[in-house]
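Remarks on the structure that follows.
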Amino acid sequence: MTPSDDTLLQAYISVPEHVVRRRFAEEAVALNLESGQYHGLNPIAAAMLDALEAGATGDEVARQLADEYEQPEDRVRTDLLALVQALADRGLVEVDDTRPD
Amino acid sequence: MTPAPTERTQAAREHEPWRSRAFGIEIEGSFPAPGLPPARVAGTARPTRLAVVPGHDIDRRWLPGGGQRLLAEHFDDSPQPARTIDHRAGVGYRLFARNFGLAFVSEDGDEVLCAPPEDEPWSWQRFLVGRILPWAALLRGRELFHASAVTVGGGSLAVIGPTGAGKTSLAAQLVLRGAGFLTDDVLALEHDGTAIQAHPGAGIVSVRDGERAAIAAKDWTRLGSELGYSGKSYIELTREDGPAPLRAIYFLSRTARSPGITAVEAPDPRLLLGSTFIESVQTPARLRNQLSLCADLAQAVPMFTASVTAGLTAADLAQRMLTHMEALDT
């Protein structure tokens with residue numbers, strides 16, 4: 001991983017007010033009210049985003065989910081990084097280096 | 001010359017104010033409107049006011065400044081679009097459909113002005129009940145789906161499918177088998193805090209020639225009264241007066257491999273979001289409401305695929321659906 005990837009995984013993620021999320025049967029859907037775009041989240045991605053929004057860093061979430069789903073931590077970290085980058089690119093999350101209140 | 005008493009009475013009746021209910025909103029008007037029967041019980045909600053006005057009254061309200069064109073549809077080689085929708089923030093929506101006239105819907109859905117051509121009410125009001133009133137209902141917070149719906153045993157079932165899938169034929173056959181008619185083609189839904197309610201629309205169905213031929217003459221007269229014909233037969237039916245809790249959704253499919261009704265265990269969000277009506281209104285409030293209602297549907301309402309295969313008539317499928325609904329209750 002590049003240094004910027006490490007920085008991203010140690011940052012804190014928040015969901016801005018213009019994004020709403022709802023759970024369907026197996027997926028969750030995030031809606032960007034500013035762009036009008038919908039984004040589907042499979043159950044793992046939805047669980048990742050929930051944990052990030054609760055205040056955990058990417059590293060912390062990767063450790064937690066690797067343990068929960070009995071998957072290699074590096075693999076979970078890679079998937080989590082891809083998710084955060086995709087969500088940030090679409091304006092669905094904001095990245096901060098300080099833990100939110 | 002003083003009109004004869006019957007003429008005067010009829011003329012006066014045609015301008016008597018009436019109050020009806022459709023697509024989840026109270027409506028007030030004063031022109032003949034088949035398919036919008038007077039509400040049996042007066043509602044307390046603020047009504048959407050309907051009026052028929054000259055076209056220049058609508059354009060005087062709209063101009064200057066124009067608005068943003070949201071939609072322009074061409075159905076032939078004419079340089080002029082057959083349908084247009086324009087929006088002006090803070091004012092409302094201007095809807096035009098060739099052969100049906102011009103309409104204005106205020107930004108909050110409280111006021112609707114129609115400037116129809118010289119035509120029978122049932123004919124030009126296809127635009128009113130098929131597009132304009134649903135638009136007003138959407139602006140007033142209802143979510144709309146491309147669906148027909150009937151009531152069965154105290155609840156309702158919705159049939160979702162694209163144009164031509166057979167929604168109307170199925171609804172007609174369900175009504176002939178004792179179901180109560182709620183709506184055809186446009187269904188307004190609302191979560192009232194306890195259940196998702198399916199609201200009645202206009203009491204009119206448009207039946208294709210093929211389906212009409214499949215309905216026996218005695219059943220045809222039982223279905224309702226014929227208003228007219230324009231490529232399809234337009235029938236006014238007795239319609240439910242109020243909403244009914246939604247108990248099942250059936251997606252019509254012509255591509256399923258085997259006939260019958262199969263459960264949809266985990267509805268794809270795209271299936272529900274793609275079945276909503278009126279894509280042109282993309283305000284944050286509408287989008288939020290749409291997502292919320294679709295998620296509620298996915299979690300609360302059983303969903304099924306009803307496959308329409310060769311040889312399976314609308315009558316057959318209607319009977320299967322009624323049997324299926326009875327089994328859901330037990």
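Values in this text are rule-based calculations from the coordinates and carry no lab data. These figures come from a predicted structure and were not determined experimentally. Ideal geometry is used to build each Cβ from the backbone, glycine not excepted, and the neighbour counts take in all protein chains shown.
Dividing the Cα radius of gyration of the protein assembly as shown by 2.2 N^0.38 Å, with N the residue count, gives 1.15. Charge tally for A:Tyr69 (other residues, Cβ to Cβ under 14 Å; Lys, Arg +1; Asp, Glu -1): -3.
In terms of its Cα atoms, segment B:238-330 spans 44, 33, 27 Å along the principal axes, sorted from long to short.
May I ask for the net charge around B:Trp122, where only other residues with Cβ less than 13 Å from the Cβ of B:Trp122 are counted and Lys, Arg are +1 while Asp, Glu are -1?
Value of the local net charge: -2.
Just how many % of Cα pairs in segment B:84-135 lie over 19 Å apart, if you round to the nearest whole percent?
Values: 260 of 1326 pairs.
The share of Cα pairs beyond 19 Å in segment B:84-135 comes to 20 percent.
Reducing segment B:121-171 and segment A:16-78 to their Cα centroids gives an inter-centroid distance of 36 Å.
Can you pull out the GluC sites (Glu not before Pro) in segment A:1-72 whose DSSP state is coil and whose Cβ has at most 15 other Cβ atoms within 10 Å? Could you put the intermediate results ahead of the total?
Values: sites: A:Glu17, A:Glu26, A:Glu27, A:Glu34, A:Glu53, A:Glu60, A:Glu68, A:Glu70; in loops: A:Glu17, A:Glu26, A:Glu27, A:Glu34, A:Glu70.
Filter output for segment A:1-72: A:Glu17, A:Glu26, A:Glu34, A:Glu70.
If I stretch the segment between B:Glu279 and B:His324 completely, what's the gain in nm (0.36 nm per residue apart, minus their alpha carbon distance), one decimal? Provide the component values of the computation, followed by the final result.
Working: separation 45, 0.36 × 45 = 16.20 nm, distance 3.23 nm.
Length gained, B:Glu279 through B:His324: 13.0 nm.
Just need the relative contact order of segment B:8-159 here, percent rounded to a whole number, with Cα pairs under 8 Å and 6+ apart.
Values: 256 pairs, mean separation 26.6, N = 152.
It rounds to 18 percent for segment B:8-159.
Give me the one-decimal Kirkwood hydrodynamic radius in Å for chain B, with the sum taken over alpha-carbon pairs.
Numbers: mean 1/r = 0.0482 Å⁻¹.
Roughly 20.8 Å, rounded to one decimal.
If you plug the beta carbon distance of B:Thr44 and B:Arg222 into 1/(1 + (r/R0)^6) with R0 = 41 Å, you get a FRET efficiency near 0.75.
Which trypsin sites (Lys or Arg not before Pro) does segment B:235-292 hold that lie in a coil by DSSP with at most 15 other beta carbons within 10 Å? Intermediate values should be presented prior to the final figure.
Values: sites: B:Arg239, B:Arg247, B:Arg254, B:Arg257, B:Arg270, B:Arg286, B:Arg288; in loops: B:Arg254, B:Arg257.
Hits after loop and neighbour filter: B:Arg254, B:Arg257.
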